[in-house]
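The values are calculated or read from the model by the stated rules, or taken from the named source; none is laboratory data. Note that this is a predicted model, so its numbers are computed, not measured. Quick reminder, even Gly has a Cβ in these numbers, built from the backbone with ideal geometry, and neighbours come from all protein chains shown. Surface accessibility is based on the protein's heavy atoms, side chains included, excluding ligands, DNA and RNA. Shrake-Rupley method; radii C 1.70, N 1.55, O 1.52, S 1.80 Å.
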Amino acid sequence: MAKLSLGSTFSIFHSRHIRPPLAGCHVTKMTVADHHPSLEVVGGARDRFLPSLHTNLRLPYNPFPLIAWNRHVETIFASFLRSIPQVRLRRECLRVKDGGSVALDWVSGDHRRLPPDSPVLILLPGLTGGSQDSYVRHMLTKANGKGWRVVVFNSRGCGESSVTTPQFYSASFLGDTYEVVKHVGARYPEANLYAVGWSLGANILVRYLGQESHACPLSGAVSLCNPFNLVIADEDFHKGFNNVYDRALARALCKIFKKHALLFEDMGGEFNIPLAANAKSVRDFDEGLTRVSFGFKSVDDYYSNSSSCDSIKHVQRPLLCIQAENDPIAPSRAIPREDIEENLNCMLIVTPKGGHLGWVAGAEAPLGAPWTDPVVMDFLEYLERGASKTGKFSADSEAVQRSSGELHRIEV
């Protein structure tokens, strides 16, 4: 099928559901690429999903002055100075098959307040992140305010959760994700399940979508700031100012490790516990502990086989990916654009700026929610309107929504 160019247009009466307008009526034509040129929007599902995001994507991406002029300033500002919404959470400790445990943080009171068929949103934070992080809290409150049941999936040791076996989580390990999705689905069998992941959480989420493929129980997902190719991300991690992030994440990993160091006492083989405990970089930590725990021959072997760029072609559920062109941690050159364009379930939005987990732009900038939050919710609510209770997106209901949306563009 030939791809439509940016300037391609179509009339609303091209749909078989709508007759040509009467004489004297003016028809507004809309472009297939109905978004502002400051944004890159591509993907095999672009023409399906773009109309639902028109409200936000038709406006220019305006980064907040002074803060967003530099990608590092924006990244650091968002990490340290963005507001953190206050919300009461209820923690559920889930013991998984190998004896490990993860922490699921639910919004307190939702089990009484929300009906059992309310859509459920599972949030997967980035490396060492958890329900305490500002970007997680903003997404949580935004979705919960619209009647969604939200749960934060804190990986082993993250979000002040306990580590109960001598194994952390990693970019390669999907076992906990399988068990969390299964557990949440069993708890709310009448509801559709969705997921949003950031950074390493996004990498894990996309790998899960690709592994599950047609059998995936999720009705849709969103990937934000995904590094996609961990080999490329590791290369850039050791360049210039990026070393600051590398050292900061290494310190966070060491802090978690030292809390549970007794679990790793007397571990032999290829483990290098002193290196992991005193890691100066994420690569050091992965060399001393992660790659050995999960059976990889080297760190490069671990990164190469844990990258989600290879999973995109297997995704069979609606997936929105949002990246920043100037992201210092998730390089733009690592985005698997070709696979996203060829997959009829995927769409990619690339903003000109945003840093990593920044996106200090939009109505709530600079201290409020990132620019991405309303875009994510528009996408998820569009999917929920068209989703059947079997967890699959309904193409028929999508066609009806598109037709009714086109009707509103007739002007007399």
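So, in segment 35-56, how many residues would count as being hydroxyl-bearing (Ser, Thr, Tyr) and open to solvent by less than 30 Å² (accessible area, probe 1.4 Å)?
The total comes to 1.
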Notebook entry, point to check: Just checking, how many residues over segment 57-69 are under 23 Å from the mean Cα position of the chain (by Cα) and farther than 12 Å from Ser38 by Cβ?
Noted result: 2
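Name the residue, out of Asp266, Asp300, that is without any contact (Cβ under 8 Å) to a residue 24 or more places away in the chain and either under 30 Å from Ser52 (Cα atoms) or not β-branched (Val, Ile, Thr) (or both).
Within the list Asp266, Asp300, the selection yields Asp266.
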Next item on the list: From Ile322, Ile329, Ile349, grab the single residue that is among the aliphatic types (A, V, I, L, M), over 24 Å from Thr141 (Cα atoms) and in the same structural domain as Ile67 (by the TED database).
Entry: Ile329
Next item on the list: Pick out, from segment 57-146, the strands (runs of 3 or more DSSP E) lying fully within it that include 1 or more residues that are of a type outside the set (Lys, Arg) and surrounded by fewer than 20 Cβ atoms within 10 Å (Cβ to Cβ).
Entry: 89-95, 101-107
Margin query: Of all residues being surrounded by 14 or more Cβ atoms within 10 Å (Cβ to Cβ) and among the polar types (S, T, N, Q) in segment 366-408, which is modelled with the highest pLDDT? Just the residue, please.
Written below: Thr372
Next item on the list: May I ask you to list the residues in segment 192-203 that are out of contact with any Pro (no Cβ under 6 Å at 6 or more places or on another chain) and either assigned to a loop (DSSP other than H, G, I, E, B) or more than 15 Å from Leu124 (Cβ to Cβ) (or both)?
Entry: Ser199
Margin query: Testing Lys255 on (1) open to solvent by 10 Å² or more (accessible area, probe 1.4 Å); (2) closer than 19 Å to Phe294 by Cα, one condition comes back false. Which one is that?
Written below: (2)
Next item on the list: Give the residues of segment 309-328 that are open to solvent by 10 Å² or more (accessible area, probe 1.4 Å) and under 15 Å from the mean Cα position of the chain (by Cα), sorted by residue number.
Entry: Cys309, Ser311, Arg317
Notebook entry, point to check: For segment 166-176, what are the residues that are of a type in the set (S, T, N, Q) and open to solvent by 10 Å² or more (accessible area, probe 1.4 Å)?
Noted result: Gln167, Ser172
Checklist line | Top-ranked residue in segment 276-294 [being of a type in the set (S, T, N, Q) and in contact (Cβ under 8 Å) with a residue 60 or more places away in the chain; ranked as least open to solvent (accessible area, probe 1.4 Å)] | finding: Thr290
Next item on the list: Kindly check whether there is at least one residue in segment 171-187 that is in contact with a Leu (Cβ under 9 Å, 6 or more places away or on another chain), in a loop (DSSP other than H, G, I, E, B) and in the same structural domain as Pro374 (by the TED database).
Entry: yes
Margin query: Looking at segment 45-67, I want the residues that are touching a residue at least 24 places away in the same chain (Cβ under 8 Å) and have a partner that is open to solvent by 60 Å² or more (accessible area, probe 1.4 Å) and charged (D, E, K, R) with Cβ atoms under 6 Å, at least 6 apart or on another chain. Which pairs are those?
Written below: Pro63/Lys353
Next item on the list: Find the residue count for segment 295-308, including only residues that are within 29 Å of Arg46 (Cα to Cα), open to solvent by less than 40 Å² (accessible area, probe 1.4 Å) and over 14 Å from the mean Cα position of the chain (by Cα).
Entry: 2
